[in-house]
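Have a look at the structure below before the remarks.
The values are calculated or read from the model by the stated rules, or taken from the named source; none is laboratory data. What you see is a predicted model, and the numbers here were worked out from it, not measured in a lab. Cβ placement follows ideal geometry from the backbone for every residue including glycine, while neighbour counts extend to all protein chains displayed. Quick note on the areas: whole protein, heavy atoms, side chains included, nothing else; ligands and nucleic acids left out. Shrake-Rupley method; radii C 1.70, N 1.55, O 1.52, S 1.80 Å.
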Amino acid sequence: MNIKTLISKLSIKEKIAQLALSGSHEERVLPLIKDGVVGNVLNNYGVEQVNRLQKASLDSLNIPLLVGDDVIHGYRSIYPLPVGMACTFNLDLISDLVKMATEEASIEGINWIYSPMLDIARDPRWGRIMETNGEDPYYSSLIAERHVKAIQTPLKDGRVTAACCKHFIGYGACEAGLDYNTTDYSEYTLKTVYVPPFRRGINAGAMSVMNAFTTYNSQAITGSKYILKDLLREELGFKGVLVSDWACPEQLKVHRMVKDDFEAAIRCLNLGLDIDMHDDVYVNYLEKAIKENPSLEEKLDESVERVLQMKKDMGLFDHPYVLENAYEMLSKENKALCKQGAKESVLLFKNDNDVLPLKENEKVLFVGPLVEEKENHIGSWGCKGQKEYVTSLKEALGNKTNVTLINTSYDLSDLDYSLLSDEIKKSDKVVLCLGEPREMSGENNNRQNLDVPFNQESLVDFVKTFNKPVITWISAGRSLVLTHVDKVTDALVFTFHLGIEAGSAMVDVLYGNYNPSAKTVVTFPYSLGQVPIYYNHYQTGRPELSRYVDGPKEPLYPFGYGLHYGKLNITNVNVDYTDKLNIKCTLENESIYDINETLQVYLNIPYYKTLVPVKQFIGYHKVDVEKNTNKNIEFSIDLDSFLPCDLDKNQTLYIEVGTSSMDITSHEIKTRG
C-alpha cells in the first residue's frame, strides 16, 4: 500500500479524522466513526465491541482504527507497579511481564499501549511516582529499551502493538509534587536527567510518543517549538506519531498561550502534534483553519502520513480485527509470572535479630487492613484488573497452623483492642499488615503528608508495648516517611502494590520460601522536609555547613538499598580501567540462605567544568550465591559512555562498588592519557 496515494484520496475532513482520538464509549463514538469524523479510539475494548468499531471504520474510510489503552502494569493479570518492578533489577522479568500484558490486551482489541512511562521521579508527594521507573535516568533508560521492545514484539499473526513513550518531557518535576503543576528546570537538567530514557526508548523503535501536560522555559510543552520540534524531531530524530495527553491542545488556553481553540489547533498542527486526544480541537477547527490558510494542508498531510504509516507498520491494514483466542487471559502461566514479579519486588528494609523469616512452629498473629485486602493490591492504573482475581494474604496462608488473623479497616475504627491484646499475648510474633489505599496514588492523587495514612502507625506503637517481636509490612503506591515505624518495629518489609499474587508472594517471603532481593529505585526520605530528595544531586558549596537544625540530611533508605535474609560480605574488590571498566570481587555468603545480590557501581567525578552529580549509577551485576559458599565474580562496564568527551587526560576518578548508593567502597582510577 502506498500511503501518499491513500492520503491523496482523502478529503480534508477524512484526513482530520486520522488525527482524532476519541475517549468516548461505543454508543457515542460509533456514529462518529461511521461519519468519518474519528479515526482512533480509547476506552473501548472487547472482541465484539472493537470489531464493530473496526468494521465501521473500514466501511467508512477503509482505514483501521488505533485502539488505545493504559496498560501500565498488566491488563487483567496485574503485576506490581512499575516502580516496584524496577526494584527487581531484573530486565528479563520486566520484559516478560510486559509481553504478557500486551498479549492479554491484544485479545480484547487493544493495539496501542500508552506505555512505558519514562518520567524521572524525585518527589514522592507526586501521585504518578508509582508509574515511573524511579529516580535514576540511566537505569530508567535500560528499562525503556526493554519495555518498548517487549510491547512491540510481533503477535502470533505478525501484527505489532505500538508502544508510546510518555510524557515528553519533565512531567516528574511538578512543583510541590502537585500533578499538572508548573515544571521549571534548566536545559542541563533536561538533557542529563529527563531526556536519556526517551532517547533510549526512541532508539529502541518506539512508534509513538505522548507529550506532557506541563511546562518548560516559559512555554506549555504542548505549544513549545523547542520541545516538540527542535528536541524531539530534530535532536532525538523521532519520526513516529506524537499524540497529545488528554485534552492538551485546549489546555493551551488555560496556560494563556493562545486566545482560543482555533489558534490552539493551528499551533499544535504546525508543531507536528499528530493526534489530538479527546478534546476535538482538531475536529472542530482544523478544517476552518485550512480553508482560511490552504498552506496548512501540507502540515496536515505530514501528520496524517505519520499516523497511517504507523498503522501500516503495525499490520493493521492486513489484520484489522481482533486476534481471538490467540492467548489466554489470567492463565496459570500468567499468574505464575505475576507471582515471580511480586516476590522479586519485595523490599526488606530492616530485620533485627533475624526475626524474619517466620517459622512454621511459631504462633504468629497477622493484624491490619491487608490481612483480607484484595482490591488495593491492584494499585493505581490497574487497567482491567479486578479484586476477584487477587489472592489475599488470608487466602495464601490457607490452612497454616499456628496462625491467627485479625482484619481491620484502614482507619482501625473497627479494631477490638481487647481482643487484639489477648491474641498478642498468645503469640510468639506479630505481623502488622498496613498500607496506603490504591486511590491515594496515581494521576492527580498527590499527598501533602507521607506517613502511613489514617494513623496506622499507632498500631505499631500499641503492639510494641507487649514486648513481642513485631514485623511490619507496608504496601503503598509511593515511597513514604517510615522513620518512626523503622525505630519501633523489629523488621520492616515494604512493597509497592503487588498485583494479583500479592498474598501468595508475601507468604513465600515472610516464611522464607523466597529470600528478598529487591533494591529501592527511589530514595525514602527521613522526613517530609527533605523532599525532593534523590541520590544523584549536585555537590553544593559549603557542604560541611549545609544542614537542617531539626534533623539529618541523609535519607532513611537510599537509592539501591534493600536487605536479604542472611549475611553476605564483599571482599577482594579490584577495579581496573583499560578498554572497559573491569570489576572483580568475591561474595562470601556466611548464611544458611541462598542469596541473590545486586552489586551496584557508581561513578564519582571529582571535578569538571560544569556541575556533575556527586555520584552516578553506571551499572550493576545480579548474582546468586548459594548458602555457606564464596563466589568470585567479574564483569565489565563501558565507562567511556558515561564520561564527558572533554574530560582531562589522566584525571582521577572514583569508582564506588557496593550494595546501595551509600553502602559502598571507593576505588581510584585514572582517565586514559
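Looking only at segment 128-140, count how many residues are open to solvent by less than 10 Å² (accessible area, probe 1.4 Å) and aromatic (F, W, Y).
Of the residues in segment 128-140, 1 are open to solvent by less than 10 Å² (accessible area, probe 1.4 Å) and aromatic (F, W, Y).
Looking at segment 10-41 only, could you name the residues that are open to solvent by 10 Å² or more (accessible area, probe 1.4 Å) and aliphatic (A, V, I, L, M)?
L10, I12, L30, L32, V37
Using the structure shown, decide if V481 is of a type in the set (V, I, T), open to solvent by less than 10 Å² (accessible area, probe 1.4 Å), farther than 17 Å from S427 by Cβ and at pLDDT 95 or above.
no
Could you give me the residue pairs with C-beta distances under 8 Å whose first residue belongs to segment 527-554 and is open to solvent by 60 Å² or more (accessible area, probe 1.4 Å), whose second residue is modelled with pLDDT of 95 or more and in a strand (DSSP E or B) wherever it lies, and which are 6+ apart or on separate chains?
Within 8 Å, the pairs are H537/P613; Y538/P613.
For K400, only one of the following conditions fails: (1) under 19 Å from I471 (Cα atoms); (2) at pLDDT 95 or above. What is its number?
With (1) under 19 Å from I471 (Cα atoms); (2) at pLDDT 95 or above applied to K400, the lone miss is (2).
Restricting to segment 575-621, name every residue that is closer than 20 Å to Y534 by Cα and open to solvent by 10 Å² or more (accessible area, probe 1.4 Å). Steps first, answer last, please.
Applying the first criterion (closer than 20 Å to Y534 by Cα) to segment 575-621 yields 598-606, 610-620.
Listed by number, the residues that qualify are N604, I605, P606, T610, L611, V612, P613, V614, K615, Q616, Y620.
Mind checking whether some residue in segment 78-99 is in contact (Cβ under 8 Å) with a residue 60 or more places away in the chain, more than 16 Å from the chain's Cα centre (by Cα) and open to solvent by less than 10 Å² (accessible area, probe 1.4 Å)?
Checking segment 78-99: not a single residue is in contact (Cβ under 8 Å) with a residue 60 or more places away in the chain, more than 16 Å from the chain's Cα centre (by Cα) and open to solvent by less than 10 Å² (accessible area, probe 1.4 Å).
For the condition surrounded by 17 or more Cβ atoms within 10 Å (Cβ to Cβ), among the acidic types (D, E), touching a residue at least 60 places away in the same chain (Cβ under 8 Å) and not in a helix (DSSP H, G or I), what is the one hit in D279, D245?
Going through D279, D245 in turn, just one is surrounded by 17 or more Cβ atoms within 10 Å (Cβ to Cβ), among the acidic types (D, E), touching a residue at least 60 places away in the same chain (Cβ under 8 Å) and not in a helix (DSSP H, G or I): D245.
Does S661 fit the bill of being at pLDDT 95 or above, hydroxyl-bearing (S, T, Y) and in a strand (DSSP E or B)? Lay out the reasoning, then the answer.
Details: at pLDDT 95 or above: yes; hydroxyl-bearing (S, T, Y): yes; in a strand (DSSP E or B): no.
No: the conditions fail for S661.
Could you count how many residues in segment 260-276 are part of a helix (DSSP H, G or I), in contact with a Ser or Thr (Cβ under 9 Å, 6 or more places away or on another chain) and open to solvent by less than 60 Å² (accessible area, probe 1.4 Å)?
First, the residues of segment 260-276 that are part of a helix (DSSP H, G or I): 261-270.
This time we only want the ones that are in contact with a Ser or Thr (Cβ under 9 Å, 6 or more places away or on another chain), so: 264, 267-269.
Filter once more, so that each one left must be open to solvent by less than 60 Å² (accessible area, probe 1.4 Å): 264, 268-269.
Within segment 260-276, residues that are part of a helix (DSSP H, G or I), in contact with a Ser or Thr (Cβ under 9 Å, 6 or more places away or on another chain) and open to solvent by less than 60 Å² (accessible area, probe 1.4 Å) number 3.
Give me the pairs, please: first residue somewhere in segment 293-314 and outside any helix (DSSP H, G or I), second residue anywhere and open to solvent by less than 60 Å² (accessible area, probe 1.4 Å), beta-carbon distance under 8 Å, and either six or more positions apart or on two chains.
Final answer for the pair search is N293/I266.
State which residue pairs qualify: first residue within 18 Å of Y565 (Cα to Cα) and inside segment 610-639, second residue of a type in the set (F, W, Y) and modelled with pLDDT of 95 or more in any location, beta carbons under 7 Å apart, and separation of 6 or more residues or different chains.
Listed by first residue and then by second, the contacts come to K622/F89; K627/Y593.
Would you check which residues across segment 477-501 are basic (K, R) and either assigned to a strand (DSSP E or B) or farther than 18 Å from L459 by Cβ (or both) and list them? So that I can check it myself, show each step before the final result.
Step one: filter segment 477-501 for residues basic (K, R), giving 478, 487.
Once the filter is applied, which keeps residues that are basic (K, R) and either assigned to a strand (DSSP E or B) or farther than 18 Å from L459 by Cβ (or both), segment 477-501 yields only R478.
Within the bounds of segment 493-513, is there any residue that is charged (D, E, K, R) and open to solvent by less than 10 Å² (accessible area, probe 1.4 Å)? Give the derivation first.
Filtering segment 493-513 down to residues charged (D, E, K, R) leaves 501, 508.
If we keep only those that are open to solvent by less than 10 Å² (accessible area, probe 1.4 Å) too, we end up with none.
So far as segment 493-513 goes, no, none of its residues is charged (D, E, K, R) and open to solvent by less than 10 Å² (accessible area, probe 1.4 Å).
So, in segment 502-552, exactly how many residues are closer than 22 Å to Y565 by Cα and assigned to a strand (DSSP E or B)?
Looking only at that region, the number is 1.
How many residues does segment 412-450 contain that are touching a Lys or Arg at 6+ places or on another chain (Cβ under 8 Å) and either open to solvent by 60 Å² or more (accessible area, probe 1.4 Å) or modelled with pLDDT under 95 (or both)?
Matching residues across segment 412-450 total 3.
Across segment 100-127, which residue is surrounded by the fewest Cβ atoms within 10 Å (Cβ to Cβ) among those that are acidic (D, E) and over 25 Å from I169 (Cα atoms)?
Quick first cut of segment 100-127, residues acidic (D, E) only: 103-104, 108, 119, 123.
Next, from what is left, pick out any that are over 25 Å from I169 (Cα atoms): 103-104, 108.
Working: E103: 22, E104: 23, E108: 20.
The qualifying residue surrounded by the fewest Cβ atoms within 10 Å (Cβ to Cβ) is E108.
Quickly run through segment 157-207 and pick out the residues that are open to solvent by 40 Å² or more (accessible area, probe 1.4 Å), among the hydroxyl-bearing types (S, T, Y) and in a loop (DSSP other than H, G, I, E, B).
Once the filter is applied, which keeps residues that are open to solvent by 40 Å² or more (accessible area, probe 1.4 Å), among the hydroxyl-bearing types (S, T, Y) and in a loop (DSSP other than H, G, I, E, B), segment 157-207 yields Y180, T182, S186.
Identify, by number, the condition in (1) open to solvent by less than 50 Å² (accessible area, probe 1.4 Å); (2) not in a strand (DSSP E or B) that M210 doesn't meet.
Unmet for M210, out of (1) open to solvent by less than 50 Å² (accessible area, probe 1.4 Å); (2) not in a strand (DSSP E or B): (2).
Which residues, taken from segment 28-57, are closer than 21 Å to I12 by Cβ, out of contact with any strand residue (DSSP E or B) (no Cβ under 7 Å at 6 or more places or on another chain) and among the hydrophobic types (A, V, I, L, M, F, W, C)?
Within segment 28-57, I33, A56 qualify.
Just for segment 632-648: of the residues that are touching a strand residue (DSSP E or B) at 6+ places or on another chain (Cβ under 6 Å) and under 23 Å from S141 (Cα atoms), which one is most open to solvent (accessible area, probe 1.4 Å)?
S636
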